[in-house]
Amino acid sequence: MQESVNVFALSGSLRQGSYNSAALRACQSLAPAGMKIEIGSIADVPLYNADVQAQGFPDVVQGLAARIQAADALLFATPEYNYSVPGTLKNAIDWLSRLPQSPFAGKPAAIIGASMGPVGTGRAQYHLRQIGVYLDLRFLNRPEVLIGSAHERFDTEGRLTHEPTREFLGKFLLALRDWVAWHRR
Ligand SMILES: Cc1cc2nc3c(=O)[nH]c(=O)nc-3n(C[C@H](O)[C@H](O)[C@H](O)COP(=O)(O)O)c2cc1C
């Protein structure tokens with residue numbers, strides 16, 4: 001029988017019509033048997049401030065940490081801003097990384113990304129991978145999901161209509177399921 005795999009996902013984009021958030025919703029609908037994907041939000045994470053931290057971690061940060069800890073894997077969908085990850089996503093990661101018990105250490109994780117340009121967030125994804133080294137996130141290496149020309153692959157309702165991309169995402173999710181299973185062993 002297929003073991004269950006619970007994935008917690010975060011989009012680095014806050015905008016309503018985000019291609020990256022849409023890509024996560026596509027993952028939800030394409031998830032293989034046994035895999036459940038919940039999408040969280042970084043929208044309410046305040047700007048990191050060590051003085052605020054000294055008064056106690058914000059509830060939103062603690063809530064995100066608990067959901068990451070409870071999940072079998074963490075899935076990021078990152079936009080590319082100026083060849084890197086958006087500050088909003090980095091800020092959320094920075095908060096979470098300061099918790100006494102890091103939710104990231106040893107956690108299986110994966111990255112997808114969508115942009116309108118041809119590179120499909122590749123440069124941002126490599127920055128996120130680098131950040132993950134210090135956090136001890138265990139990122140899946142392959143396949144890399146670089147969704148370029150996003151405006152041609154999603155419709156105006158945010159549905160992923162490009163069939164080859166849907167198939168590729170399906171394969172990626174199977175690889176993520178195997179990655180979690182490998183870590184369990
Ligand atoms: C501040 C900023 C910087 C950007 N820099 C890049 C970039 O370096 N490379 C790229 O492909 N797209 C870049 N873009 C365009 C984004 O890829 C595009 O806005 C994309 O739709 C953002 O993802 P979202 O749809 O999930 O919000 C940038 C957009 C913004 C707002």
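The values are calculated or read from the model by the stated rules, or taken from the named source; none is laboratory data. Everything quoted here is computed from the prediction, not taken from an experiment. Ideal geometry is used to build each Cβ from the backbone, glycine not excepted, and the neighbour counts take in all protein chains shown. Calculation scope for accessible area: heavy atoms of the full protein, side chains included, ligands and nucleic acids excluded. Shrake-Rupley method; radii C 1.70, N 1.55, O 1.52, S 1.80 Å.
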Tell me, yes or no, whether segment 127-142 has at least one residue that is open to solvent by 90 Å² or more (accessible area, probe 1.4 Å) and polar (S, T, N, Q). yes
Regarding segment 165-178, can at least one residue be identified that is surrounded by fewer than 13 Cβ atoms within 10 Å (Cβ to Cβ) and among the hydroxyl-bearing types (Ser, Thr, Tyr)?
no
Does Ser29 satisfy being under 17 Å from Arg129 (Cβ atoms) and away from the ligand (no atom under 16 Å from the Cβ)?
no
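May I ask you to verify whether Phe8 is part of a strand (DSSP E or B) and aromatic (Phe, Trp, Tyr)?
On the way: part of a strand (DSSP E or B): yes; aromatic (Phe, Trp, Tyr): yes.
Criteria met by Phe8.
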Condition set in contact (Cβ under 8 Å) with a residue 24 or more places away in the chain and within 6 Å of the ligand (Cβ to nearest atom), scope segment 8-20, selection most open to solvent (accessible area, probe 1.4 Å): answer is Tyr19
Of the candidates Thr156, Thr121, the one satisfying the condition of being open to solvent by less than 10 Å² (accessible area, probe 1.4 Å) and hydroxyl-bearing (Ser, Thr, Tyr) is Thr121
Flagged in segment 97-118 as in contact (Cβ under 8 Å) with a residue 40 or more places away in the chain, more than 16 Å from the ligand (Cβ to nearest atom) and open to solvent by less than 20 Å² (accessible area, probe 1.4 Å), in numbering order, are Pro108, Ala110
